[in-house]
1. What size of dipole, in debye to the nearest 20, comes out for segment 149-221 about its Cα centre when the only charges are +1 on Lys and Arg C-beta atoms and -1 on Asp and Glu C-beta atoms?
2. When the convex hull of the Cα atoms of segment 334-426 is projected onto a plane and the area is averaged over all directions, what value comes out in nm²?
3. What are the chymotrypsin sites (Phe, Trp or Tyr not before Pro) within segment 366-402 that DSSP puts in a loop, where the Cβ has at most 12 other Cβ atoms within 10 Å?
4. For a quick check: sort E79, E434 by the number of other beta carbons within 10 angstrom, fewest at the front.
5. Mind checking the full-extension length gain between D274 and E111? Use 0.36 nm per residue of separation minus the Cα-Cα distance, one decimal, nm.
6. Please give the contour-minus-distance gain from D70 to D386: 0.36 nm per residue of separation, less the Cα-Cα distance, rounded to one decimal in nm.
7. Mind checking which of I289, A221, A275 is farthest towards the positive end of segment 215-363's charge dipole, using Cβ charges of +1 (Lys, Arg) and -1 (Asp, Glu) about the Cα centre?
8. Points 7 angstrom from Cα along the Cβ direction at D204 and K160: gap in nanometres?
Amino acid sequence: MKMRGMPVGRRAWIAVAVASSMAFAACGGDDGGGASDAPAETEAPSATEAPSDSSSDDTEAPAETSAPSDEPGPPTGPEMVVGMVNTEGGAGLDFPDIRRFLSAAVDYTNEHGGLGNRPVKLETCVANGSPETSQACAQELVGKNVELILLGLDLFPDYKVYEAAGIPVIGVLPILPIDYTANALFLTGGNATSQAAIAAVAKDYYDAKNVSVIHADNAGANSTAASLTAALDKAGIAWEAVKGGDNETDAGYQGLVREAASSNPDVIVSLYADAGCIGTMRGRASLGITIPVITTNICADKDVIDVVGDEAEGWMFAGLAEEKDTPERALLKKLLAPVMGISEDEVTAAGLGLGGLGYSLYMSLIDYGNLMVERGIELTGESLYDFLKNGDGLYFFGGVTPIKCGASAAYPAVCSFVFPFAEYKGDGVVGPVEGLELVDSLPYLP
């Protein structure tokens with residue numbers, strides 16, 4: 001069913017809303033367009049028995065690399081207790097790799113320099129996607145006298161508990177609207193910023209006057225589409241939305257693409273994921289439609305590209321950076337290959353999924369801690385938070401994506417506003433788009 005003027009404001013869910021928010025600068029994207037299949041996840045710890053895992057357009061020069069050839073020795077400062085909340089074990093809400101990959105970074109850095117020369121004891125607590133378990137985790141971790149709270153994916157963080165205890169909060173990714181204005185900092189931009197970046201590409205790269213949006217009729221896709229259409233409104237681009245089912249037949253996806261193309265838009269945006277990527281790509285190709293399509297980085301997965309091949313011609317992928325041989329990428333492969341149960345050569349940023357955000361969050365904090373030590377600033381949870389919030393010239397792990405916390409008054413908790421874009425190049429290859437290496441979402445944030 002085609003809907004004009006779809007209302008904004010449906011509560012965010014996870015799937016597509018999160019997918020388009022991921023960007024792994026310097027470590028991320030896959031020149032070959034693909035990801036490797038990871039083995040089954042480890043069993044999630046319970047909320048009450050969580051393990052302690054101590055075992056924008058910017059042309060400034062990137063920060064120094066995070067993986068120097070001469071690795072520092074073990075940290076010599078006092079132990080720092082850091083709490084982490086992550087969502088695991090729920091139906092459709094199971095993200096253990098965020099915890100597992102971040103824990104691997106903690107283990108490594110505890111042998112090599114620590115966090116600002118302090119070894120970290122990581123106290124983790126698992127929520128299941130309910131407010132009650134998030135609140136229980138907040139109370140549990142505050143009771144363990146943590147200096148800092150790290151949020152993996154937590155749908156209902158109990159900010160009031162953390163604030164009352166005077167414990168700063170740094171998160172991987174804002175999910176619900178409250179996260180954007182919370183007394184917290186998120187190193188990645190989230191759904192609103194990623195969709196504003198798509199609107200920026202439609203406006204400034206394609207000079208689009210009208211856009212058709214294809215998406216499933218569920219809470220997550222509706223929320224993502226609402227963010228996108230609000231950004232399109234801000235950009236002055238007319239839009240129409242075509243809604244389908246969560247799982248369509250090949251004929252169903254073809255019908256959605258046909259309907260989206262019927263108004264002859266300048267650009268189509270597809271918010272489908274997984275099988276929907278294949279279905280919409282094949283549907284567009286079979287119909288001979290040449291209108292360019294923007295979608296999320298999920299559709300650049302190797303499992304998708306291997307199936308559709310050149311049927312992906314004309315598709316662009318938001319939040320997918322070029323994968324380069326850097327010291328950061330080499331270290332990532334070295335640390336995460338054993339966790340994933342694969343060889344280092346098989347590790348790709350796309351294959352890391354959301355777990356890569358947890359790893360990159362912690363390694364970014366390591367960068368900031370090192371800078372603090374160099375500048376003679378004593379590292380505590382509070383001083384690290386203040387350094388990130390007020391720092392200038394900081395970058396997300398990898399030294400490419402600039403960090404500018406509070407750059408948008410409407411989204412004060414957000415620290416990153418730029419996204420890379422890739423496109424299908426032919427012969428099964430997905431690669432960067434010249435001029436779209438860092439697309440600034442700020443101009444089109446609603």
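Read-outs throughout are calculated quantities, based only on the coordinates presented, and are distinct from any laboratory measurement. The shown structure was predicted, so the numbers you read here are calculated from the model rather than taken from an experiment. Cβ coordinates were reconstructed from backbone atoms using ideal geometry, including for glycine residues, and neighbour counts include every protein chain displayed.
1. Dipole about the Cα centre, nearest 20: 140 debye.
2. So the mean shadow area of the Cα hull is 8.4 nm².
3. Within segment 366-402, no chymotrypsin sites (Phe, Trp or Tyr not before Pro) qualify (loop, at most 12 other Cβ atoms within 10 Å).
4. E434, E79
5. Fully extending the segment from D274 to E111 adds 54.8 nm.
6. So the chain would gain 110.9 nm between D70 and D386.
7. In segment 215-363, that residue is A221.
8. 4.0 nm
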